[in-house]
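Coordinate-derived values only; no laboratory data. The structure presented is a predicted model; accordingly, all values stated were derived computationally and were not measured. Positions of Cβ are backbone-derived with ideal geometry, glycine not excepted, and every protein chain shown enters the neighbour counts.
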Amino acid sequence: MINAALVPFMLLAALGFVLSVAAHVASIAGVQIRGGQMIWLLHLGIFVVWLPTVLLVSRIMRGERRQDMWKLTLSGCPAWMRLAAKVLLGYIIVNFVYFISTAGRGGHYSGDAPPAVIRGFSGHWMLFYGVAFMTLYSAYRNPVLLRQRVCRNGHPVTRSDEFCPVCGENAGAQPDS
């Protein structure tokens, strides 16, 4: 049931990612994106896909170690997608540093935003939409992430527990279904 609810948010995240990549490429090429303030809807769309993403990560991570968050959250993604996330993060950092170092002082403009401004923002859009998609996709492909692990006696255990903290039972031994 939860899997079906992930699909619309996955599709919105994919659409947001594609649109932000298009805006980013256009801005690098120096193309003025027409349409006035419509481009800023990509800002709002982030909240639409990030609310379920944050709730999903919270559910996946209940009781788990924080340092395992990305490894666990993206465990349902293929290896190339996890690598793409790292490459994207690295690119976004370089893009942000470049944007900050080349941005002019006055932040006010009339009409359509200049390509340099779109370039700065679209990098962040790509990151947020991309990570949202990967997280939702991971949970869709690996629904076990959303289930609470329990020991043979039904006590909740984390993925890193070898033994149940309540009864000492082997945490890897799941109850018979």
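Let's see if you can work this out: charge +1 on each Lys and Arg Cβ, -1 on each Asp and Glu Cβ, no other charges. What is the dipole magnitude of segment 2-146 about its Cα centre, in debye to the nearest 20?
Details: 11 positive and 3 negative charges, 64 e Å.
It works out to roughly 300 debye.
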*Here are several values of Rg and Dmax of the Cα atoms in Å: (i) 15.8, 46; (ii) 15.2, 55; (iii) 20.4, 66. Which one was derived from the coordinates shown?*
(iii)
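Given the convex hull over the Cα atoms of segment 22-77, what projected area results after averaging over all orientations, in nm²?
Numbers: hull surface 22.6 nm².
With every direction weighted equally, the projected area is 5.7 nm².
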*Fully extended, how many nm does the chain gain between Val25 and Arg62 (0.36 nm per residue separation, minus their Cα-Cα distance)?*
9.5 nm
*Rough spin-label spacing in nm, given labels placed 7 Å along Cα→Cβ, for Glu162 and Arg147*: 2.4 nm
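Can you pull out the trypsin sites (Lys or Arg not before Pro) in segment 21-77 that DSSP calls coil and that have at most 16 other Cβ atoms within 10 Å? Present the calculation step by step, with values, prior to reporting the outcome.
Numbers: sites: Arg34, Arg59, Arg62, Arg65, Arg66, Lys71; in loops: Arg34, Arg62, Arg65.
Sparse-neighbourhood loop trypsin sites (Lys or Arg not before Pro): Arg34, Arg62, Arg65.
For segment 112-177, what value does the Rg/Rh ratio take when both radii are computed over Cα atoms and Rh is the Kirkwood radius, given to two decimals? Could the numbers behind the result be given before it?
Values: Rg = 20.8 Å, Rh = 15.1 Å.
Using Cα coordinates only, the ratio equals 1.38.
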